[in-house]
Amino acid sequence: MSGTSSSPLSYAPTATTSYTTSKNHEQYHEEITKSSLLKTSTHKNIYESLAEIYSIIPTLELLENSFLKDFITDREVFTNISYRLINQFQIIVKSFKDNDEKLSLLQEILKSNLTPDTLHSDLSNFLKLFAIKFNLTSNSKAINRLTVGVPATIEHLSTQVESSSHHIPPPVIVASSSGDGSINTTNATSNSTSSARLIAEITGNFITCMDAVKLNYRTKDQLHPLLSDLVVNLNDLIENSNHKVLEFDGKSKLINWLIKVNNLGDVDELNQSDSELFLNDLDAAYKGFYSSLE
């Protein structure tokens with residue numbers, strides 16, 4: 001075009017131009033290379049673990065939304081998948097706690113200009129800082145679920161039991177009983193056998209939990225697996241009369257204890273008063289469980 005200079009405009013890039021870092025460059029995105037992140041094998045391990053957590057969160061979010069919208073109607077399948085994702089997250093977080101070098105590097109990685117908070121040594125604010133660092137919604141269903149540490153089907157049982165106990169009498173019919181209280185021998189034997197096996201397993205879970213408390217087991221690592229097994233098995237026991245989860249006096253308190261134990265820090269433990277109350281609630285729930293089977 002006539003009248004147009006052939007020389008490049010002043011702002012156009014040329015072979016001789018160079019990039020000068022701004023004084024405020026930390027406020028903006030900067031180029032990140034793989035070598036700048038993975039300086040050592042420990043760095044590599046941490047970033048791989050964070051990537052796993054980053055994949056768990058949207059998966060769990062989709063699972064929760066699907067269950068709420070009745071795209072997933074099988075409670076057992078939902079509970080099992082939720083527990084699997086929650087346990088995977090807890091295993092990864094525990095690996096950070098058990099290694100001082102990892103914990104130190106993780107504190108550096110999760111630093112952000114968006115918050116003055118730093119990572120606590122017990123990782124109690126890990127999810128909050130993780131969400132801020134990687135631009136996630138901090139109050140999402142998935143992050144709330146990972147914070148609580150138990151599936152929605154189990155957490156909400158406490159609310160369901162308390163509200164229904166004022167309107168519906170405690171269930172007294174089990175899978176092997178007919179509506180009139182007599183034993184129904186015409187139903188499938190396999191169902192009766194399966195229920196009996198589950199009842200025996202739940203009995204063992206109760207006894208194991210109570211023995212553990214009597215032996216002064218008070219930390220999360222000691223109590224959470226035992227109590228989790230008990231609650232999951234209780235949630236699997238279904239009544240033949242109405243095909244609903246078996247409910248009984250004291251069950252809701254077990255859910256509350258599971259949440260409380262899950263929220264214990266790495267060095268925290270139940271005090272003597274809590275330990276005695278936990279044992280009493282276990283004993284009351286054990287009696288309530290057997291009363292519901294009569």
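So, by mean Cβ neighbours within 10 angstrom, what's the order for 281-291, 140-150 with the highest one leading?
On the way: 281-291: 17.3, 140-150: 19.3.
Top to bottom by mean Cβ count within 10 Å: 140-150, 281-291.
When ranked by the protection proxy of mean other Cβ atoms within 10 Å per residue, highest first, what sequence do the peptides 118-129, 100-111 form?
Details: 118-129: 17.0, 100-111: 15.4.
Highest mean packing first, the order is 118-129, 100-111.
Give, as a single signed number, the net charge of other residues whose beta carbon lies under 12 Å from the beta carbon of LYS102, with Lys and Arg counted +1 and Asp and Glu -1.
Working: positive: LYS44, LYS94, LYS97; negative: GLU48, ASP98, ASP100, GLU101, GLU108.
Around LYS102, the charge tally is -2.
Pairs exceeding 25 Å between alpha-carbon atoms, taken from LYS141/LYS253; LYS39/LYS102; LYS44/LYS260; LYS97/LYS260; LYS94/LYS287: LYS44/LYS260; LYS94/LYS287.
Roughly how large, in nm² to one decimal, is the mean projection of the convex hull of the alpha-carbon atoms in the stretch 65-120? Provide the component values of the computation, followed by the final result.
Working: hull surface 22.7 nm².
Result: 5.7 nm².
Taking θ as phi - 60° and the Karplus parameters 6.51, -1.76 and 1.60, the scalar couplings of the stretch 103-119 work out to 4, 5, 5, 5, 4, 5, 5, 8, 5, 8, 6, 7, 8, x, 5, 10, 5 Hz in sequence order, x denoting glycine and proline. Amide H contacts for LEU237 (H built 1.01 Å from N in the peptide plane; partners 5 or more residues away or on another chain; cut-off under 5 Å): LEU246.
I'd like the FRET efficiency for ALA51 and SER291, computed as 1/(1 + (r/R0)^6) with the beta carbon distance as r and R0 of 35 Å, rounded to 0.05. Calculated value: 0.10.
Annotation: amide H of LEU136 has no partner in the under-5 Å range at sequence separation 5 or more or interchain, hydrogens built in the peptide plane.
Could you please report the charge total around ASN139, scoring K, R as +1 and D, E as -1 over all other residues with beta-carbon less than 12 angstrom from its beta-carbon? The partial results should precede the final answer.
On the way: positive: LYS128, LYS141, ARG145; negative: GLU61.
Summing Lys and Arg as +1 and Asp and Glu as -1 gives +2.
Read-outs throughout are calculated quantities, based only on the coordinates presented, and are distinct from any laboratory measurement. The structure presented is a predicted model; accordingly, all values stated were derived computationally and were not measured. For neighbour counting, all protein chains shown are included, and Cβ atoms are generated from backbone atoms with ideal geometry for every residue, glycine included.
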